[in-house]
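Chemist: Pasting in a structure now, in structure tokens, and then I'll have a few things to ask.
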Amino acid sequence: MTKVAFFSAQPYDQRFFDAANRTTFKSHGFELIYHPVALSAQTVPLAEGCDAVCIFVNDMLDADTIEALHGLGVRGVLLRCAGFNNVDLEAAKQFGLFIARVPAYSPEAVAEHAVALMMTLNRRIHRAYNRVREGNFALDGLLGMTMHGKTVGVVGTGKIGLATARILHGFGCRMLGFDPMTSAEFKEIGEYVDLEVLLEQSDIVTLHCPLIPATEHIIDVKALGQMKPGAMLINTSRGGLVDTRAVISALKLRHLGALAIDVYEQENGIFFLDHSSEIIDDDIFQRLMTFPNVLVTGHQGFFTAEALSEIAEVTLENLICFAAGSSCNNALVVTAPDREVNA
Ligand code: NAI
């Protein structure tokens, strides 16, 4: 029986994975064990006796953790997410670990959330909601802009960026894109420009590129300075794309018009947990929360029933490949000696 230890497991993970394991994957007899804690050097022992671990975005799979897992006999890592910036792929390759992810579970789910953030900020729905509940129907302070005819810059026109661009194109927005790899589908609805031109011309900039060394702090002091005064910035991709301190300065200068984030540079330890009865020590995050024109959601872009079903199905498909020792289209590290890292 193949045994998997889940880390950072939430009740909804257990619900969707158990459902898939009881139905579609019943004949494989997988044993799934759920741990709410994140994977770290301290929690590695929880994987003892397991063949694989299943991790999420904020479980750190650094070289030490990989070595410790390998020492326990764990040979597989299943990422139940698309991004893999939290994984040391070189170390995984060195220890011959099987690593697979879920490359696309519902690009539309994340795209729809990005647009929901945009529209909430633009029409001040977050403020209107509270006002109306207190009997305040005054409109002053709720002024938005008509989306039709506005220019939106999409940084990273892959699956999620393209899905976002298609929705906004439907609103009648002019779409600009920046991506080292151009796509014919994006060209049907938008125009590729340099990042600088995108930043200068866009009323809204939305980030959909992965976090890699080349994109770390892609939105920094310089990029913010290049943005149109009053423009809106949306980040549903990875927190590290944005220099949060620089964003706070740009907001204080009234240069950046509004910010919505579903991801945060230091979200590890804050997001996915209930801190409502505690003091949050992160002063940068807390400063962000004081701006009326900042909207934060806790990494919920992926969080739809359809996406969770897909994540469970694809992860367990990846587990079948691992258990059978067969090739896997979603592998990030191919462990056969003559194969290269596929990422
Ligand atoms: P994708 O791989 O389909 O697209 C990423 C695009 O970014 C590619 O076209 C790539 O060429 C481009 N890119 C690479 N380097 C770039 C650069 N320097 N500048 C501009 N573009 C660059 O990935 P997908 O599925 O669209 O996901 C994008 C990101 O969304 C993921 O990396 C992940 O971090 C994030 N994500 C967030 C979720 C959430 O719940 N908030 C859920 C799923 C993914």
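Chemist: Looking at 250, 312, 260, which one is touching a helix residue (DSSP H, G or I) at 6+ places or on another chain (Cβ under 6 Å), farther than 27 Å from residue 82 by Cα and at pLDDT 95 or above?
Modeler: It is 250.
Chemist: Also, quick follow-up: With the structure loaded, tell me whether residue 315 is open to solvent by less than 10 Å² (accessible area, probe 1.4 Å), on the phi < 0 side of the Ramachandran plot and of a type in the set (Ser, Thr, Tyr) or whether it fails that test.
Modeler: yes
Chemist: Would you check which residues across region 94-105 are open to solvent by 20 Å² or more (accessible area, probe 1.4 Å) and either within 11 Å of the ligand (Cβ to nearest atom) or closer than 15 Å to residue 171 by Cα (or both) and list them?
Modeler: 101, 103, 104, 105
Chemist: Kindly provide the set of residues from region 290-313 that are within 13 Å of the ligand (Cβ to nearest atom) and β-branched (Val, Ile, Thr), ordered by number.
Modeler: Residues satisfying the conditions are 296, 297, 304, 311.
Chemist: Right, something else. For residues that are crowded, with 18+ Cβ neighbours inside 10 Å and either not assigned by TED's automatic domain parsing to the domain that holds residue 217 or not hydrophobic (A, V, I, L, M, F, W, C) (or both), tally how many sit in region 230-256.
Modeler: Selection size over region 230-256: 8.
Chemist: Report yes if some residue within region 247-261 is under 22 Å from residue 213 (Cα atoms), more than 16 Å from the ligand (Cβ to nearest atom) and among the basic types (Lys, Arg); otherwise report no.
Modeler: no
Chemist: If residue 210 meets every condition in (1) farther than 20 Å from residue 117 by Cβ; (2) touching a residue at least 40 places away in the same chain (Cβ under 8 Å); (3) within 10 Å of the ligand (Cβ to nearest atom); (4) in contact with a Gly (Cβ under 8 Å, 6 or more places away or on another chain) apart from one, which number is that one?
Modeler: With (1) farther than 20 Å from residue 117 by Cβ; (2) touching a residue at least 40 places away in the same chain (Cβ under 8 Å); (3) within 10 Å of the ligand (Cβ to nearest atom); (4) in contact with a Gly (Cβ under 8 Å, 6 or more places away or on another chain) applied to residue 210, the lone miss is (1).
Chemist: Also: Looking for something within 16 Å of residue 321 (Cα to Cα) and crowded, with 23+ Cβ neighbours inside 10 Å - is there at least one such residue anywhere in region 34-50?
Modeler: No, region 34-50 contains no residue that is within 16 Å of residue 321 (Cα to Cα) and crowded, with 23+ Cβ neighbours inside 10 Å.
Chemist: Taking interchain pairs and intrachain pairs at least six residues apart, which have beta carbon atoms under 7 angstrom, with the first residue in region 254-276 and farther than 29 Å from residue 141 by Cβ and the second surrounded by 13 or more Cβ atoms within 10 Å (Cβ to Cβ) and among the acidic types (Asp, Glu)?
Modeler: 266/282
Chemist: While we're on this one: Which ranges mark the strands (runs of 3 or more DSSP E) fully within region 111-207 that have 2 or more residues being at negative phi and within 10 Å of the ligand (Cβ to nearest atom)?
Modeler: Strands (runs of 3 or more DSSP E) meeting the threshold: 151-155, 174-178.
The values are calculated or read from the model by the stated rules, or taken from the named source; none is laboratory data. Predicted model only: the values in this text are computed from it and were never measured. Note that we place each Cβ from the backbone using ideal geometry, even for glycine, and neighbour counts take in every protein chain shown. We work out accessible area using only protein heavy atoms, side chains counted, and drop any ligands, DNA or RNA first. Shrake-Rupley method; radii C 1.70, N 1.55, O 1.52, S 1.80 Å.
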